[in-house]
Structure formats: C-alpha cells, structure tokens
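Written out below as structure tokens is the structure these notes cover.
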Amino acid sequence: MSGLLRKLNIKALGLDLLFLYAGKSGSVIVGIFVLPLYQKIMGPSNFGVVALLLSIQAFLLMVDLGASTVVGRNLAANSDRLISARTMFAAQMNLHLFYILLLGGFVVLSLAGVLSFPLVDGFLAVVFFWAVTVQNVSQSALLAMRKYALAGGLQAACILFRSIATLVCLLYISSDVRVFLVLQAVTAVLHMLVTDRVCYWLLGDVKALADKSAIVNSMRKVFEQGFPLILFGLSGALVMQADKVIISSYNAPSDLSPYYLATVLCLTPISVLAAPVSQYFHPKIVHAVASSDDYHLSRNVKIMSAALMAVVVVPSCILWVYSQEIVGLWLLGQDNAGVVSRYVDILLPGVAIGAFGFIPYSILVAKEDYKFQAFMSVTLTILTLVAALYFSFVGSVTGVCYVYAVYHAFSFVVSWLRVKSLGAD
C-alpha cells in the first residue's frame, strides 16, 4: 500500500509540475524566440526602448506592496474562503490606488515638461504595468490554492496570445513602440480580468466583500503586513532592473541590447525552470511551517532541492558549455551574438546557484521574517548597484556581468544562513 501511495504521489507531482511548466511555456517562447524577433523587426534603437519598458514592468511587478506574497502566504496557511477572498480583494484595491497615484504623477510630470516620453505612450505603459501586477496577485492566489492546472493553463494561453498578437501587429501594422504598447496593454487587461474572475469563482460566496468597513480594515492590515516587503521588493526590483538603466545612461541603446538578451537567457533557469518547482513546493512549505510539521517541512525541502538540481544545474551546464552555439542559433546569427555569448558565460554560474534561493525564501516567508529579508535585500542592492555603476561608468559591461553573478550566488548563501540561524532547516 505504501508503495502504491508513493507511486501516486510521484504521478501527482509530475502532473502538477507539468501544468506549472505549461504556465511558463509562454515566458519561454517570449524570452527565447519572440524577443530576438522583436529586435529584428523593430531595430536596435526601438528595441532598446522596449527593453527598458519591459525592465520597468518587471521592476513594478516586484514592487507590488507585498501583495502577491501576503496573499499567497495567507491563502496557503488557512482554509477560510471568506478571509482569503477579503485578503485578495484588499490587496488588489491597494494596488489600484497605487497605480492611480502613479498615473497621476506621470501626467503631472509630462504636462510640466519634466518627462519627454509621449503622454499617450506613458498612459498605455502604466495600464500595462497595472494589469500585469494585479493579475500576478490572482496568479499567486491560484497557486496558494494549489490549482496548478488552472494557473498554468491560463498563464500559458494568455502570455502566448499576447506575444503572438503583438508580433503580428508589429509585422503588418507598424514596428514602432506605440503599437507594441497598445497590444501589451489590451491583452494584459484581458488576462487580468479572466484570472480575477476565476479566483473569485473558486473562493465561492464573496457577498461579504460588500462590507466596506471590513474591506478598509483588510486593506490596512494587508498593507501593514506587506510594508517590510515593499523595501524587499523595491530593493530586489532595483537590483534586477536598474542595471539596464545604468548601462543605458552611460552607453548607447545598442550596447544595452546584448546585455539584456544575455540576462533573459541566463535567468531562464530561475524564471522558467526553477520557478514552477518553487510554485509547487512554496505553499506546501508555508503550510508545514505554519502547522509546525517538521517532518513534512524536511521532506519537502529535500525533494525541492533534488528537483532544482535536475531542472537547473543540468541545463545550465549544457548552456554554459555550448553557449556560443546555442546563442548563435537563438539569435539567428545576428552580429551581437558573440557579445551575448560572452556575457552568458559570466552570468550563468551565479544565476544557477541563485536559483536555490527559492528554498530559504519559502521558509522565511512562512515564518513572516520580512524585516530580515528587507534588510538583506537593501544591503545587497546598495553594494551591487554601486559596483554596477562604477563598471558602467568606465565602460565595462563585462564588469557589470561579474557583479551580478556574485550577487545571485551571495544572496542564496545569506538567505540560507538566516534559515539556519532560525533553526528552521
């Protein structure tokens, strides 16, 4: 009987991970196949603007007021659907208010002549950023409820539709930035609405969401819980996205393109291969810690470690050994393929080690150790950005690559030492 249960568990694990990887398939296609086509169609200059906009979008996705982390943690730790629905709704309301303020600030600065970016394009960009960020909260809720098939299927379908629609319009309408933004904004809003409706349908009767005083109290509570995560997310977003801004400040847009493409390729082990493993085990680890279940905590950590070894280390080694050939095929023989390959060789080892940071992150979130995470993130961000600023200033993008390789590896080491200090391993 125990052998049969183990087989069933392994089968269920494989099926769930398959759905989660399906959810990441859209990101794979965008990062590996579509981005080089964007660059080829739009040209290096326009693509440099797109790369900057996508970096800002990724930055804001991480600076979500702690909403996705708080919602995911709370839904994984308890089974009260009313509380879960109210928590999710409150987190989304906080984000709505944040983006209204962000849009207002952009309009004021644009009308005052402080910003040279076109007003229409700026409006479209903010709508795109808002929809992606709010949708990510619903996605976190689906994963916390362990609805892996729904989460993976919706994510894959919507991201693929967005990328294909954008590519077609760039080819047959115009290859300028505004067309890109229109398609990204419209499809992101549709994605947000669909995921949102699915979540509330799963949570059942949400009539109590009409209780305004309860919602206001929930909004305040969610914000207070997520406040340390604002610093954590802000620091993480800065360190992961400000490098592009720094490089573009001291170099031409064409110099940013190979670095951006190299980071996209190197982050594949984390964003595509390791992230579904984390999405599967994160709610299990949170629940085990919240329940003081040391047996299942240890078991899930060991299985997660083995899974990360299989899906991250092996592909990373293959990519590192054959980086010139793989990058050459990926970029269809474009002139900057050699530069991209050189950057990949430097970044990839550190990024592969950093992928294991998902394990201590899940434990620290489960223990709501947000203050340490904020302190660690701020400290590492300051050190990393200062070093990146220096190397960019002297014209060494290669130096920036070394800085970020060290950052990824060191962040994992510090997080794991914190877990051990809490006696949670």
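The values are calculated or read from the model by the stated rules, or taken from the named source; none is laboratory data. Computed from a prediction, not measured in an experiment: that's the story for all the values here. No Cβ is skipped: glycine too gets one built from the backbone with ideal geometry, and neighbour counts run over all protein chains shown. When the accessible area is computed, the model is the full protein with side chains, heavy atoms only, and any ligands, DNA or RNA have been set aside. Shrake-Rupley method; radii C 1.70, N 1.55, O 1.52, S 1.80 Å.
Can you tell me which residue within region 149-170, out of those that are open to solvent by less than 10 Å² (accessible area, probe 1.4 Å) and touching a Phe, Trp or Tyr at 6+ places or on another chain (Cβ under 7 Å), is farthest from LEU75 (Cα to Cα)?
Among them, the one singled out is LEU170.
Within the set of pairs 6+ apart or on separate chains, which have a first residue in region 18-45 that is under 20 Å from CYS169 (Cα atoms) and at pLDDT below 75, a second that is among the aromatic types (Phe, Trp, Tyr) and open to solvent by 40 Å² or more (accessible area, probe 1.4 Å), and C-beta atoms under 9 Å apart?
Listed pairs, sorted by first residue: GLY26/PHE161.
With (1) of a type in the set (A, V, I, L, M, F, W, C); (2) at pLDDT 90 or above; (3) not in a helix (DSSP H, G or I) as the list, and VAL403 as the residue in question, which single condition is left unmet?
Result: VAL403 fails condition (3) only.
So the check is Cβ under 9 Å with 6+ separation or different chains; which pairs have a first residue in region 145-157 that's assigned to a loop (DSSP other than H, G, I, E, B) and a second one that's among the hydroxyl-bearing types (Ser, Thr, Tyr) and open to solvent by less than 60 Å² (accessible area, probe 1.4 Å)?
Going by the 9 Å Cβ cut-off, the qualifying pairs are MET145/SER84; ARG146/TYR280.
Condition check ((1) farther than 22 Å from GLN184 by Cβ; (2) not basic (Lys, Arg)) across all residues:
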| residue | (1), (2) |
| --- | --- |
| GLY48 | no, yes |
| PHE59 | no, yes |
| VAL70 | yes, yes |
| ARG73 | yes, no |
| ASN78 | yes, yes |
| PHE106 | no, yes |
| SER116 | no, yes |
| LEU119 | no, yes |
| GLY122 | no, yes |
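If you check GLN373 against the conditions, is it farther than 26 Å from TYR260 by Cα and either open to solvent by 50 Å² or more (accessible area, probe 1.4 Å) or within 24 Å of the chain's Cα centre (by Cα) (or both)?
yes
Working only within region 124-145, note down all residues that are open to solvent by 20 Å² or more (accessible area, probe 1.4 Å) and among the hydroxyl-bearing types (Ser, Thr, Tyr).
SER140
So VAL340 ticks every box in (1) closer than 23 Å to TYR148 by Cβ; (2) open to solvent by less than 30 Å² (accessible area, probe 1.4 Å) but one. Which box is left unticked?
Every listed condition holds for VAL340 apart from (1).
Scan ALA141, ALA165 and give me the residue that is assigned to a helix (DSSP H, G or I), without any contact (Cβ under 8 Å) to a residue 24 or more places away in the chain and closer than 16 Å to HIS191 by Cβ.
ALA165
With among the hydrophobic types (A, V, I, L, M, F, W, C), touching a Phe, Trp or Tyr at 6+ places or on another chain (Cβ under 7 Å) and crowded, with 21+ Cβ neighbours inside 10 Å as the only criterion, which of ALA76, ALA67, ALA85, ALA90 stands out?
After ruling out the rest, the residue left standing is ALA85.
Name the helices (runs of 4 or more DSSP H) wholly inside region 212-322 in which the number of residues that are free of Cβ contacts under 8 Å to residues at least 12 places away in the same chain, open to solvent by 10 Å² or more (accessible area, probe 1.4 Å) and closer than 26 Å to ALA156 by Cα is 2 or more.
So the answer is 314-321.
Please name all residue pairs, on different chains or six or more residues apart, with Cβ atoms under 6 Å, provided the first residue is in region 190-202 and is farther than 19 Å from PHE161 by Cβ and the second residue is surrounded by fewer than 22 Cβ atoms within 10 Å (Cβ to Cβ).
TYR200/VAL206
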